[in-house]
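Data block below; observations after.
The values are calculated or read from the model by the stated rules, or taken from the named source; none is laboratory data. Model, not experiment: these values are computed from the prediction. A quick note on method: Cβ atoms are made from the backbone with ideal geometry, for glycine too, and the neighbour counts reach across all protein chains shown. For accessibility, only protein heavy atoms count, side chains too; no ligands or nucleic acids. Shrake-Rupley method; radii C 1.70, N 1.55, O 1.52, S 1.80 Å.
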Amino acid sequence: MLRCLLLSLAVLGGCVVAAQAQPREEQPDTQAEKFPAPPSGFDARREAIERGKLETVEYDSTTVGVKRKAQVYTPPGYAADQKYPVLYLLHGIGGDENEWTRGGRANVILDNLYADQRIVPMIVVLPNGRASKDLTPRDSIPRQSPAFAAFEQDLLNDLIPFIEKTYPVKSDRESRALAGLSMGGGQSLNFGLSHLDTFAWVGGFSSAPNTKRVDDLLRDPAEAAGQLRLLWVSCGDRDGLMRISQSFHDALERQQVPHVWHVNTGGHDFNVWKTNLYHFAPLLFRSP
Ligand code: FER
């Protein structure tokens with residue numbers, strides 16, 4: 001509810017600006033890749049399938065100076081003597097480590113993808129991307145934004161090392177993916193593209209105005225193109241923040257950086273983000 005209030009203000013503002021400044025957003029984007037709608041029930045709990053497990057962990061954040069929480073999803077058939085790749089999946093301005101499982105049913109979508117043998121076994125880490133001692137989703141966007149930026153250091157220096165010493169995971173760049181929605185989409189594009197030594201798979205869903213410019217993130221686009229296994233940029237066609245993803249995509253085109261550009265039917269909401277997770281997760285961690 002709070003997210004709705006905050007966002008209808010922020011995103012509606014974006015709508016007005018976008019409609020005035022960029023009439024092309026009203027046109028269908030013929031370059032965008034089309035994915036079929038997920039089958040009905042893709043986000044509904046199925047009986048009689050094996051499920052992954054969700055647990056909440058706490059790690060010491062040297063960045064913030066407190067213990068911080070994350071949720072961890074281990075896949076069906078999880079065995080401590082295997083080694084798994086890891087997807088770090090980030091929430092938006094109104095969320096925390098529970099947003100993707102509460103609003104997005106991420107664990108249910110993943111359970112169903114495993115039941116249909118559509119994804120490679122992976123651990124999914126759902127962090128709290130607001131790296132702060134005391135800020136909450138109730139604080140204003142300008143107050144929260146620095147904490148979302150500070151999460152870069154928390155992720156790289158605190159959370160990833162914690163995950164890699166606590167879980168049986170592969171720790172090469174090709175075994176780490178970073179994706180997120182809205183503020184988390186901006187974080188994923190910003191942190192992912194500036195740390196291609198750490199992440200080979202990067203996705204921004206409906207990315208927010210915290211997203212940096214491609215030209216600032218990629219000093220050597222040709223080198224980045226060679227390092228990326230997947231770069232995914234997507235947005236709903238009725239999202240007031242479309243201009244962010246559209247200009248990111250346009251810049252990637254200019255710089256000739258291969259990427260998936262996907263325009264969903266929909267707004268700034270979990271219908272779009274669930275669909276993105278459904279199509280994005282099966283692409284991850286495939287052999288070249
Ligand atoms: C903004 C509008 C929306 C903004 C961030 C958002 C940083 C974030 C939305 C979300 O995370 O859902 O102007 O500025």
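Here are some notes:
- Take every pair of alpha-carbon atoms less than 8 Å apart whose residues are at least six positions apart; their mean separation over the length of the range 225-268 yields a relative contact order of 57 percent.
- For the residues G41, G180, G52, a GNM of the chain with alpha-carbon springs under 10 Å puts the largest fluctuation on G41.
- Average accessible surface area per residue within the chain, 1.4 Å rolling probe, Å²: 45
- Given charges at beta-carbon only (K, R positive; D, E negative), |dipole| of the range 87-184 in Debye: 100
- Test item: Cα-centred dipole of the chain, Lys/Arg +1 and Asp/Glu -1 on Cβ, debye: 340
- Cβ charges +1 (Lys, Arg) and -1 (Asp, Glu), total dipole of the range 230-288, debye: 120
- Portion, in percent, of the accessible area of the range 104-158 that falls on carbon or sulfur, probe 1.4 Å: 47
- Theoretical FRET efficiency, 1/(1+(r/R0)^6), r = Cβ-Cβ of E47 and R143, R0 41 Å, to 0.05: 0.40
- Paramagnetic label reach from Q255 (point 7 Å along Cα→Cβ; backbone nitrogen cut-off under 15 Å): within the range 171-198, residues 186-197.
- Gyration tensor (alpha-carbon) shape descriptor, the range 128-250, a/c threshold 1.5: oblate
- S287 contributes about 100 Å² of solvent-accessible surface, heavy atoms of the protein only, 1.4 Å probe.
- The range 173-228: C-alpha gyration tensor shape, a/c 1.5 cut-off, then a/b vs b/c: oblate
- Heavy-atom accessible surface of the range 199-245: percent carbon and sulfur, 1.4 Å: 42
- Separation of alpha-carbon centers, the range 111-145 and the range 181-216, rounded to whole Å: 14
- Structural descriptor for the chain: relative contact order 21 percent, calculated from alpha carbon pairs under 8 angstrom and at least 6 residues apart.
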